[in-house]
Amino acid sequence: MIEAINVSKTFDDIKAVDQISATIKEGNVFGLVGTNGAGKSTFLRMMSGILKPDSGEIKLDGMNVYENIEAKERFFYISDEQFFFPNATPKDMREFYRSIYKNFDVNRFDKLIGQFELSLTRKINTFSKGMKKQLSVICGICANTKYLFCDETFDGLDPVMRQAVKSIFAKELTEREMTPIIASHNLRELEDICDHVGLLHKGGILLSKDLFDMKCSIHKVQCVFKTQDRVEEVEKELNLLKKEQRGSLYTYTARGTCEEITAIIQKRNPIFVEVLPLSLEEIFISETEVVGYDIKKLIM
Amino acid sequence: MTSRNLLCRLMREDVKRRLWAIAISFVAFLFAIPVYTATSVERVVNMFKQGQALGDRHEYLSNTAMYCLGVGNSALVLLTIILAILCGISGFYYLHSKKKVDFYHSLPVKRESLFSSIYIIGIAIYVIPYLVSLAIGFVIVGTNGAFGSNVWIEAWKAFGVNLLNYCLTYTVVIIAVLLTGQLIVSILASGVFLAYGPVVAVLIGSLKDTYFETYYEYGSITESFLFRCSPISAYFNMTNAVYEKTLSFAITLIYIAVTMVLVILAVFLYRKRSSEAAGKAISYQVLQPYIKIVVSVPIGLWSGIIFTSLMNANSSFWLIFGMVCGYLLCSCIMEIIYHFDFKAAFKSRGSLLVGAVLMFAIFSMFKWDLLQYDKYIPSKDKIESMSVALSGIDNNLEFRVYNEDNSRYKISYMDRIGYAFEYMNLKDKDAAYEIAKMAVEGEAVLNEGEIDSDSDYDKYMTIHVQYRLNSGRHIYRSYAIAVEPYFDLLNQLYQNKEYKEGAFPIYTMKEVTNVTCYSEFQKLSITLTEEEKAQLLSLYRDELLALSLEDVRNEVPLATIDFGYTTDENDVLSYSALVYPSFTRTIDFLSMHGFDFTKTFNLADIMNVSIDYRIPQYAHEEEQYIAYMKENPEWTYDKSVMYKDGDTISEILPYLFNNSYAWNNGILTNYDPNVTVTVTWKTDEYGNVTSNQYAIVSNNIPDFVKEDIMYAETSK
């Protein structure tokens, strides 16, 4: 488990991360979303022990990360612009990481290189940006560390490769309890992979929630009622986050389980009622609008 | 994975990263050692083949080999410095890239391991090519028959010295890289670290020279320490010491200790360096104002000095103007570099003000002598001994010393002051101390800008004084004093045995192998037995001890004795000793061995005597000269007269004496340098004409001559 407790980091007079507290459980895929400059990379770099927090602490399995080799052995950090040695080939990087990470899986590395149609002996500086991303993910996966920190890892990958990477992540999650922490400015990229999402904005954390809980606790329904007084009764009873009206068709986004919400509506004998699927994006819009933020401006 | 394996792995990666540096190192060493040795040895071999060289072939060759493989090879020194800078910057340059820092610092590797791997590779890039080249060099030397244990020892000694100094410079450059976050700033910081000490030392020397009347630069402890603060000047000092065979074990240990302390400091800085320092000008922001002050203040002071010298404006106003401009410019540039923003030029006003105050405080300290440098004289009871070098007296002396230097005798050439400071040990210091005390109190001293006319220079002499204190400290001062008010004290000092022994190199002569005596009219190589040579030397030394300044002022030397000594290496060492008329026993001895002191000009042989007079500047406004100049515009300020008549010439000849004798004690001898007498002899049987120039004592210039040359009586 990774725990960040009131972590702050300032660069000169810019507060990059301000009093962030978050808990990342093992076996979860944690998504860290936010705009550019929100503090995602700084937070990840602090989690990786690259930066030392000005205040607060980050504990990885109970250990402080900064300058702690034992803690660092438990994660692999993929930066947004991963460094490879000049003139190195994937094979060189494999050998290097092999000497650094005890459980580095050489066979898996070679296999994944083949799967991604990369060459073991081609110089990395001739790779495209996407190929370098793929290689860094392969290195990270094969390091066989407990945690994998990815900073904008899907940025630059084409949809096919993105899907391939996601499926590798999924496989790793099922085969061994790997815990990826993925930072991205694009919420849609994380939607189908994350279990838990933390939303960062201007160095602070706006919310940190389990996606399943979020999906179960917010629902969107469309309904038509016979009379206006029934509409008012329903709206009073529902824990309403958002309401839209087109003629007599009402669309509600409300907190509560699917059963609870439909029961409230069914009691008023509607002409039509239908529960609509809610995207992660919509959940975030609803959640953040409540606290006064226009999420569309932040992450979409 | 064990930490040793990890270290090897990291080192291997670093080697791959720095292949270019390794290639440069190999190629450069190849040229600096094997190629240089091969060409040098071949040249010597060819010289012997063509008969251009004589002597022991093996010795000649091994000396050449020792030079090429030893500390004498200056290409190795240059290469060592260049490689140290190159490896220091290239090894730790990654710290300036956020991408690389993220990579290295996220790895489960201790920072110490990372530092060690890079540091060791930096050393290996130097050592391995050096050793390989040295091995090839040994093969070249061996195959040419130049090898010997001395070559072997010299080569390894040079290797040790070069390696030690490489480590020192390399570590200093690494510290510069660790303290900065940009390549350009790193290079500038390296330059500052490598040159700061000497630059500040020269600045202090220059300020002392400009503002202190009594300053004399001779091995100031502070300044020599500052000089050694630079790894490069320390390196040159060490190689010189090895070359001169004066390097002590203690000094070597100090070098090693300093290097180790610097390595520890570098590790500390590396550990403490935050990753976010990448890309910043200075990695430790807290140091920024201090670095700015430490760099800007000397640059400001230097600017003042340079500005006045360039503008040829010697006033304090322009010096301060230059100082302020240089200081502001440097401070602003540093702030711009710190923030990478032109608008930030005046951002840290506090440090700007502190630096300015410090700079003016330092300037004031020198300008108004706040520390009373010129007024300082150690109290007499604290002085163990003194040395004094007098200028303007005994100018013809040459200071050559034949000394044993690390089991090897050699001739050292020194100057008057260095010789006196080394060989004079005045325990009886009353006269010397009194002279210095009077000078410090400002009695009849000449300060800058106090010269009335060109002739004033002739009335003053500079004395350089060394005070050796009981504490072991040495203090050096120079005083420009008027001769006459100090004459009695100077005379007292001159008759001091310790003064003579420390001022005349003849007292260091151990043995005489040949004696030559010459004057205007005779030159004689005198054949003497060993005992006679020793007797003459002893006689001369005794009579020289008795010579007073009064004698020097009143007497004109009659002849010169060359005491010669031929060393085992066939080097000739000779001391010229003037024979004054009061040296009666010496004169008798030389007369007994064939030297004729009675010889003088033969009037019958002389064709003419011409007298040239340079009218002194102070007389230019006198009526007679104005009239003369109008009549003779082509001879402005010069008046020449030629005498052909024997009677007239005979009135002049008795007062002529050798120009070099006049120059020898010019400040005391009462001759006028504006008057030059040229004697021309009659054409000889081969049709040749000989002329010689002489001086004449002012009081002895005949009246008719004075009249003819329009002699200015006020002169001298």
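Structural remarks
- Assessment of segment B:339-361 against the conditions (under 35 Å from the mean Cα position of the chain (by Cα) and charged (D, E, K, R)) yields no matching residue.
- Beta carbons closer than 7 Å, at least 6 apart along the sequence or on distinct chains, pair a first residue in segment A:52-65 that is at pLDDT 90 or above with a second that is acidic (Asp, Glu) for A:59/A:3; A:63/A:70; A:64/A:57.
- When B:575, B:540 are checked against the criterion of being under 36 Å from the mean Cα position of the chain (by Cα), assigned to a helix (DSSP H, G or I), in contact (Cβ under 8 Å) with a residue 12 or more places away in the chain and within 26 Å of residue B:667 (Cβ to Cβ), a single residue qualifies: B:540.
- Condition check for residue B:353: hydrophobic (A, V, I, L, M, F, W, C) and touching a residue at least 24 places away in the same chain (Cβ under 8 Å): no
- Any hit, segment A:119-126, residues being touching a strand residue (DSSP E or B) at 6+ places or on another chain (Cβ under 7 Å) and either closer than 28 Å to residue A:43 by Cα or hydrophobic (A, V, I, L, M, F, W, C) (or both): no
- Looking only at segment B:408-461, residues that are at pLDDT 75 or above, loosely packed, with under 13 Cβ neighbours inside 10 Å and acidic (Asp, Glu) come to 2 in all.
Okay, residues lined up against (1) in the same structural domain as residue B:177 (by TED's automatic domain parsing); (2) touching a Phe, Trp or Tyr at 6+ places or on another chain (Cβ under 8 Å):
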residue	(1), (2)
B:212	no, yes
B:236	yes, no
B:239	yes, no
B:245	yes, no
B:253	yes, no
B:259	yes, no
B:262	yes, no
B:270	yes, yes
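- Filter pass, residue B:710 being at positive phi and touching a residue at least 12 places away in the same chain (Cβ under 8 Å): yes
- Answer residue from segment B:678-692, given it is part of a strand (DSSP E or B) and not hydroxyl-bearing (Ser, Thr, Tyr) and is surrounded by the most Cβ atoms within 10 Å (Cβ to Cβ) among those: B:679
- Any hit, segment A:192-209, residues being assigned to a helix (DSSP H, G or I) and surrounded by fewer than 20 Cβ atoms within 10 Å (Cβ to Cβ): no
- Condition broken by residue A:261, with the remaining ones in (1) under 30 Å from residue A:181 (Cα atoms); (2) surrounded by 14 or more Cβ atoms within 10 Å (Cβ to Cβ); (3) out of contact with any Cys (no Cβ under 6 Å at 6 or more places or on another chain) satisfied: (1)
- Pick from segment A:9-37, criterion under 12 Å from residue A:56 (Cα atoms) and within 14 Å of chain B (Cβ to nearest Cβ), ranking: surrounded by the fewest Cβ atoms within 10 Å (Cβ to Cβ): A:9
- Filter result (within 11 Å of chain A (Cβ to nearest Cβ), of a type in the set (Gly, Ala, Ser) and touching a Phe, Trp or Tyr at 6+ places or on another chain (Cβ under 7 Å)) within segment B:75-116: B:106
- Candidates in segment A:92-113 are the residues that are under 17 Å from residue A:178 (Cα atoms) and at the interface with chain B (Cβ under 9 Å from one of its Cβ atoms); of these, the one that is surrounded by the fewest Cβ atoms within 10 Å (Cβ to Cβ) is A:102.
- Residue selected from segment A:38-91 under the condition over 21 Å from residue A:23 (Cβ atoms), within 16 Å of the chain's Cα centre (by Cα) and part of a loop (DSSP other than H, G, I, E, B), by the criterion nearest to the other protein chains (Cβ to nearest Cβ): A:79
- Taken together, A:236, A:243, A:220, A:267 contain a single residue that is within 30 Å of residue A:32 (Cα to Cα) and either in the same structural domain as residue A:24 (by TED's automatic domain parsing) or without any contact (Cβ under 8 Å) to a residue 12 or more places away in the chain (or both), which is A:243.
- Selection status of residue B:200, touching a His at 6+ places or on another chain (Cβ under 9 Å), part of a helix (DSSP H, G or I), at pLDDT 90 or above and not hydroxyl-bearing (Ser, Thr, Tyr): no
- When every residue of segment A:122-143 is checked against the conditions, at least one turns out to be in a loop (DSSP other than H, G, I, E, B), under 25 Å from the mean Cα position of the chain (by Cα) and either surrounded by 17 or more Cβ atoms within 10 Å (Cβ to Cβ) or within 10 Å of chain B (Cβ to nearest Cβ) (or both).
- Residue list for segment B:242-280, filter: among the small types (Gly, Ala, Ser) and either within 11 Å of another protein chain (Cβ to nearest Cβ) or in a loop (DSSP other than H, G, I, E, B) (or both): B:248, B:274, B:275, B:277, B:278, B:279
- Residue tally, condition surrounded by 24 or more Cβ atoms within 10 Å (Cβ to Cβ) and of a type in the set (Val, Ile, Thr), over segment B:173-217: 4
- If you go through segment A:234-254 and keep only what is assigned to a helix (DSSP H, G or I) and within 17 Å of residue A:272 (Cβ to Cβ), you end up with A:234, A:235.
- Where a residue in segment B:31-54 is among the small types (Gly, Ala, Ser) and its partner, wherever it lies, is in a loop (DSSP other than H, G, I, E, B), with Cβ under 9 Å and at least six apart: B:32/B:73; B:38/B:144
- For residue B:496, the conditions (1) surrounded by fewer than 17 Cβ atoms within 10 Å (Cβ to Cβ); (2) touching a residue at least 40 places away in the same chain (Cβ under 8 Å); (3) farther than 30 Å from residue B:656 by Cβ are fulfilled apart from (1).
- Qualifying residue in segment B:650-658 (condition: buried (at least 17 other Cβ atoms within 10 Å of the Cβ), part of a loop (DSSP other than H, G, I, E, B) and either hydrophobic (A, V, I, L, M, F, W, C) or in the same structural domain as residue B:481 (by TED's automatic domain parsing) (or both)): no
So that you can scan it fast, the table gives a plain yes or no per residue for (1) buried (at least 17 other Cβ atoms within 10 Å of the Cβ); (2) among the aliphatic types (A, V, I, L, M):
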{"position": "B:558", "(1), (2)": "yes, yes"}
{"position": "B:579", "(1), (2)": "yes, yes"}
{"position": "B:585", "(1), (2)": "no, no"}
{"position": "B:590", "(1), (2)": "yes, yes"}
{"position": "B:610", "(1), (2)": "no, no"}
{"position": "B:616", "(1), (2)": "yes, no"}
{"position": "B:626", "(1), (2)": "no, yes"}
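The values are calculated or read from the model by the stated rules, or taken from the named source; none is laboratory data. Because the structure is a prediction, the values reported are computed rather than measured. With ideal geometry, Cβ positions are generated from the backbone for all residues, glycine too; neighbour counts draw on all protein chains shown.
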